[in-house]
Amino acid sequence: MKVKKQKFGVLSDGTKVHLYTVSNGNMSFSCTDYGCTLTSIVLKNIDGSKTDVLLGYSTLEGYLNSKYCFGAIVGRFANRIGKASFTLNAKKYELDKNDGPNTLHGGFNGYDKMMWKGSIVEEKNASGVKFTRFSPDGEQGFPGNVKLEVTYLLDENNNLSCKYTARTDKATPINITNHAYFNLAGNGSIYKQTVQMNSSKILEVSPKLIPTGKLLDVEGTAFDFTKEKEIGAEIKDTGMGYDHCYVTEMYDTNNPQCAVPLSDSDLVEFAVVKDKKSGHEMSVFTNMPGCQFYTGNFIKGILGKNGVIYQNHDAYCLETQCFPDSPNKKEFPSCILEPGQVMKAKTVYSFKI
């Protein structure tokens, strides 16, 4: 395993930004302390060439000027909170309205635009980078001083683990995820790539994509991926494309568990994605109750890596998370982290090359 640290750029205030690259000989990933961002995942192809399966930018400037969170960490609460507010312990908290009347990915001051402190991590069979930052009480409108850790680890079996840890001194909603845009072919339309999900339900949402509180069966609909299916097979029946939270097997409808995981010892396999032309395959494992499946519905015209201009549906996100708007939905598992608890969320992207 090899880990390399190099300069990625400098912010306007003189802060140095670094790029870390971790390789096991068969695949590699790169990440930066700006936004705790995954900038690339490079896989070998059948013919021995290499393909970067993450969308993003070639330079730091691209990430500085982007509003699309390519590969970045989003929080303190990923996804949407309806009416940009919630009430906790009899106190109402007002948040940024950066998505119409709602809050998306923490508001205007997102984690994707913040500097994190990086350090190289060496374990017995894996290497990677641990990023930390302190989120003060009141940041983005949320209560509590929160200590955050995000660790990206690559092992010898081509498993990229994303570990999210949080501690707080005051009860607070917490929902951290990575917003990687995948395309196992490297670029172009994702319509012919296939997905199979171990999920029979999605969250019903309003026209503004706020959950109603109900769970809907996917059977017989365009949202059914319980059997392997091309992403483009029924995407037109969804409208703009997929942007829905699927329910993972970590959620038990008969006995809903706490959505904030306090142990990362048990994971479930949520999805398998394949690009049969390149031979690349990715499985997703998680201990989170939901996963937002988003098909890059609003990335048309973005100038990305190596001069490639992205189009809508050139990538998909598999954002493992708590249910959206759960601070306002008593029927959903609680997303509240209490003082003394340690959130231990984990997602593994496992690649077959």
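The values are calculated or read from the model by the stated rules, or taken from the named source; none is laboratory data. This structure is a prediction, so every number in the text was calculated from the model and none was measured. Here the Cβ is made from the backbone with ideal geometry for all residues, glycine too, and neighbour counts use every protein chain on show. Ligands, DNA and RNA are stripped out before the accessible areas are found, and what is left, the full protein with its side chains, is counted by its heavy atoms. Shrake-Rupley method; radii C 1.70, N 1.55, O 1.52, S 1.80 Å.
Tabulated data
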read-out	value
For the range 139-259, accessible area per residue (1.4 Å probe, heavy atoms of protein chains only), Å²	41
Carbon/sulfur fraction of accessible area - the range 117-236, other protein chains in place, 1.4 Å, %	47
Full-extension gain in nm, Lys91 to Lys277, via 0.36 nm per residue minus C-alpha separation	61.6 nm
Probe 1.4 Å, accessible area per residue of the range 3-63, Å²	41
Rg/Rh ratio calculated on Cα atoms of the chain (Kirkwood radius)	0.94
Exposed-loop-free span, longest in the chain, where chymotrypsin sites (Phe, Trp or Tyr not before Pro) count as exposed if DSSP calls them loop and at most 15 other C-beta atoms lie within 10 Å	1-107
Label point distance in nm, Asp237-Ser265, each placed 7 Å from Cα along Cα→Cβ	4.2
Cα→Cβ-extended label distance, 7 Å offset, between Leu303 and Val342, nm	4.6
Cut-off under 5 Å, modelled amide H: who pairs with Gly144 long-range	Gly138
Carbon/sulfur fraction of accessible area - the range 307-353, other protein chains in place, 1.4 Å, %	49
Exposed trypsin sites (Lys or Arg not before Pro) absent: longest stretch of the chain, with sites in DSSP loops and at most 15 other Cβ within 10 Å deemed exposed	1-66
Amide proton proximity set for Val121, modelled H, under 5 Å, gap of 5+	Gly128, Val129, Lys130
